[in-house]
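Remarks on the structure that follows.
No value in this document is a laboratory result; all are computed from the given coordinates. Since we're looking at a predicted model, the values are computed, not measured. Positions of Cβ are generated from backbone atoms using ideal geometry, with glycine treated the same way; all protein chains shown enter the neighbour counts.
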Amino acid sequence: MNETVLTVGVFALVYLRLVVSRAHRAKAIWVGIGVLCLVPLLLRMDPILVPADLFAFERGSWAAINWNVIGIFSGTMLVAGVLIYSGVPALCADLLIERSRNVGSAILWVCIFASAISVVADNTATVLIVAPIALALAKKLKVSAAPFIIGLAVSSNLQGTATLIGDPPSMILAGHFRLNFNDFFWYGGRPGIFFAVQVGAVAGFVVLWLLFRRYEQPVVQMEAEKPKSWFPLVVLVLMVCGLAAASWVDPNFVWFGAANCLLAAALVMGWLFRRERRSALNLLKSFDTSTLFFLMGVFMMVYALKRSGAIAAAAGWLGGATGGHVLGAFALVVVCSMLLSAFIDNIPYVAAMLPLVDALGGDMGLGPTNMVLPFGLLIGSCLGGNITPIGASANVVAYGLLNRTEGEGVSFLGFVKIGLPFTLAAVAAGSAFLWVTWMWF
């Protein structure tokens with residue numbers, strides 16, 4: 001047994017465990033990492049992973065775990081949690097409903113607003129903060145809330161891909177290619193993935209408009225919630241401005257993003273502790289440490305795959321399978337990512353595939369700044385989770401919320417009837433935009 005076979009075998013078993021169940025994801029991946037550390041010692045093989053790899057630093061950047069990404073994730077989660085506590089997002093949703101012509105347009109605007117929130121907030125939290133508004137509106141009008149809640153879920157998953165701080169897969173992309181906040185908007189002289197997502201969003205929201213336009217009832221007036229404070233929103237804006245300036249301070253994407261986001265988190269948490277200590281403690285207790293350690297484990301597992309040579313071998317095979325045609329490789333990456341992410345977690349999938357598509361692009365002669373394959377991977381994998389109720393955490397929450405609400409149960413296929421056309425429209429439009437802007441001009 002050599003290092004490549006052992007690494008691929010352990011990775012396959014861990015991945016199979018993640019596909020079968022979403023429970024205890026962090027434990028599963030760290031058990032696999034432990035095996036890769038211990039088995040080579042027992043079999044007297046060359047080491048694959050050692051404890052020092054946790055802080056490995058090569059060629060001016062983090063080699064295994066990108067601690068800058070970990071800091072950005074941690075700080076952003078806390079800032080978003082305090083922002084939701086402040087009541088500002090709920091107020092904005094209420095104002096949108098109040099100014100809409102009918103129920104259909106009101107829910108469509110709330111879905112668009114939910115997608116905007118998810119640029120900086122966790123998708124699941126976005127659903128939880130906006131869903132009660134949609135449920136209350138549907139109850140007053142005596143119509144089913146299922147299309148509204150499903151629309152909220154798929155909309156919240158959409159924009160998380162657009163920026164560095166939206167979702168873990170975007171952070172993984174930034175860590176691998178050393179992208180800063182601004183690179184998601186403009187990179188290598190071409191439009192970044194942000195604009196591809198917006199094109200996909202327009203196509204997806206057209207699908208929702210066709211679905212919601214039959215709700216022509218007048219809007220029921222609902223009492224707008226007064227925000228507790230605007231301070232968290234001010235800190236959030238300053239945090240985003242700091243990320244936008246990071247490329248000048250930290251061009252190698254090593255430390256400034258994390259420092260900026262953790263400082264913002266410290267400010268809002270200090271404010272919340274002074275205002276309401278119990279809420280601050282509850283927010284800290286509910287912090288998603290499982291995803292944090294899972295993300296760290298994903299970095300380590302991918303580092304092992306790269307060191308063992310498995311990534312380079314897979315890239316060579318995939319290049320041969322597509323005949324060396326970039327369009328064939330792009331279509332394969334997008335379509336496979338979309339279909340697989342409908343049923344499996346996109347975080348380990350993106351982390352494993354990014355080095356592969358990076359190597360594949362090099363084999364096909366794409367320049368180091370050509371991001372058509374990595375961006376296509378992100379479009380397919382992150383938007384593909386919208387097809388089914390198990391493809392993304394926000395979908396799971398929305399599906400469970402509907403089935404726990406009296407008279408609002410929805411079947412698996414009932415979710416797919418909305419999620420599938422939304423996803424196909426968004427992925428097709430977004431990937432077409434990527435291909436045209438990155439390969440035709």
Give the range of the longest stretch in the chain that excludes all GluC sites (Glu not before Pro) found in loop regions by DSSP and having at most 12 other beta-carbon atoms within 10 Å. 1-215
Computed on Cα atoms only, the convex hull of the range 1-159 has an orientation-averaged projected area in nm² of 12.9 nm²
Out of the range 82-154, which trypsin sites (Lys or Arg not before Pro) are coil in DSSP terms and have no more than 12 other C-beta atoms within 10 Å? 99, 101, 142
A chain fully extended from residue 285 to residue 16 at 0.36 nm per residue, minus the present Cα-Cα distance, gains in nm 93.9 nm
Which of the three applies to the range 291-441, rounded, prolate or oblate, going by the alpha-carbon gyration tensor with a ≥ b ≥ c and a/c under 1.5 meaning rounded? oblate
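What does the extension gain come out to for residue 369 and residue 206, with contour length at 0.36 nm per residue minus their alpha carbon separation?
That works out to 55.4 nm of additional length.
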Chymotrypsin sites (Phe, Trp or Tyr not before Pro) in the range 277-314 lying in a DSSP loop, each with at most 15 other Cβ atoms within 10 Å of its Cβ, come to 287
If I fit a long axis through the Cα atoms of helix 25-42 and take the longest principal axis of the Cα atoms of the chain, what angle between them do I get, 0 to 90°, rounded to 10? 10 degrees
Using only the alpha-carbon atoms of the range 143-206 as identical scatterers, what base-10 log of I(q)/I(0) does the Debye formula give at q = 0.15 Å⁻¹? -0.52
What spacing in nm lies between the two simple spin-label points modelled at residue 217 and residue 23, each 7 Å away from Cα in the Cβ direction? 3.9 nm
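Around residue 49, what is the net charge, scoring Lys/Arg as +1 and Asp/Glu as -1 over all other residues with Cβ under 14 Å from its Cβ?
Net charge in that neighbourhood comes out at -1.
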State the answer as a single residue: which of 371, 85, 70 lies farthest towards the positive end of the charge dipole of the chain, with beta carbon charges of +1 for Lys and Arg and -1 for Asp and Glu, about the Cα centre. 85
Between residue 241 and residue 46, with labels modelled 7 Å along Cα→Cβ, what's the label distance in nm to one decimal, could you check? 5.1 nm
In debye to the nearest 20, how big a dipole does the chain give about its Cα centre with +1 on each Lys and Arg Cβ and -1 on each Asp and Glu Cβ? 820 debye
To the nearest µm²/s, what D does Stokes-Einstein give for the range 62-440 at 25 °C and 0.890 mPa s, using the Kirkwood radius over alpha carbon pairs as Rh? 116 µm²/s
Put +1 on the Cβ of each Lys and Arg and -1 on the Cβ of each Asp and Glu in the chain; which of 253, 38, 392 then has its Cα farthest toward the positive end of the dipole? 392
Label points 7 Å out from Cα along the Cβ direction at residue 441 and residue 339: separation in nm? 3.2 nm
Any chance you could check the Cα centroid distance between the range 246-304 and the range 49-87 for me, in angstrom? 7 Å
When 183, 46, 363 are ordered from fewest to most other Cβ atoms inside 10 Å of their Cβ, what list results? 46, 363, 183
Can you tell me which of 426-432, 247-253 comes out highest on packing, and rank the rest after it, using the mean Cβ neighbours within 10 Å? 426-432, 247-253
How tilted is helix 256-275 with respect to the longest principal axis of the chain? Cα atoms for both, answer in degrees (0 to 90, nearest 10). 40 degrees
